[in-house]
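This report concerns only the one structure given below.
The values are calculated or read from the model by the stated rules, or taken from the named source; none is laboratory data. Predicted model only: the values in this text are computed from it and were never measured. Glycine gets a Cβ as well: all are built from the backbone with ideal geometry, and neighbour counts include every protein chain shown.
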Amino acid sequence: MATTTVEPKARKRRRKTRTKNVSPLPALVASELTASQIDLTPGKEHVFCPACENWTPITGVLGTPVLVPHHTTPYHDPTTTPRRCSNTNRRITLDTALDTWRADLAERTEASATVASRRPTKVLPKPKAHAAPAASQLTPIPLSAEQVRKMFRQHQEQCLACRGEARDRTGQTLPCRDGERLAATFLRLLRQEPKRQAVREFFARERRRFDREYAKAAPKREAGWAAVLPTVQNADQLRRAVPQGAHPTGGPDVPLDHLAPRQAAEQPANGRLKCERCGATEPSLVEAVAAGWCQITRRPHCGRCAQRFPAWTRTSF
């Protein structure tokens, strides 16, 4: 015959613990616990039980401090079977002063708050917003009488004032400004619709006429382009044959021994050239050309000052 073992149940404990029983387990040491695992507030001494992980009162603080008898689960919970914790009546050595415990608890609380403030927040991706088009890029859509009529009907279904259900304190019906504006716009577009239709038909006829004339003149344009195409191709070939930065073969050379009439009129009486920007001088035109001088707005400039102006403004002597 098989025997069954009945699981023992804890008895209902007294309201006040009055026992001299002491657990044979080694005593807990308060200095080995952290400041958050023990509470040494006078009259409210508690410790975090390492066996059942519940806060348990400490009795006999002035004599032999022990953990009061307690259950692993709350006794009043009807869904569980209460069991006596193995650390019942276990001794605890209170070798930590009250001031030391309070200082450690305050330091730990401050450190936790500091760490929480240093914790980075979650980085949320910024939504990509497309740039709004410029006012010149917007294409206005002309309103039609049919579109305004639909907007007016939709407004009437949602507006209490248009349906006559909105009243003031005196009982009078409140007018709807939006409904009146939509109705006036609809009537105006309805009156202007024949004129708008005539304008649209006129522009459509002009567009068709322009397309016919453009298609009729296409052969003449192609013939004119075919006539000048060889000349343009020949000019492109001659331009590509000239080295980069060199003067055309048929162009005039730089006058080294004599001046043109206009240049001779601009030449100073003493024969020296003077820079209009920095005041530098050259004894002759040949030395000025060799030093990189050029004209800008028909005035001589040395090579250093000429580099400050765009290339298209510089003219050689």
Exercise. Out of the residues in the range 131-182 that are of a type in the set (S, T, N, Q) and in contact with a helix residue (DSSP H, G or I) (Cβ under 8 Å, 6 or more places away or on another chain), state the one that is surrounded by the fewest Cβ atoms within 10 Å (Cβ to Cβ).
Key: Ser144
Exercise. Filter the range 51-67 down to residues that are β-branched (Val, Ile, Thr) and surrounded by 16 or more Cβ atoms within 10 Å (Cβ to Cβ) and give me whichever is modelled with the lowest pLDDT.
Key: Thr59
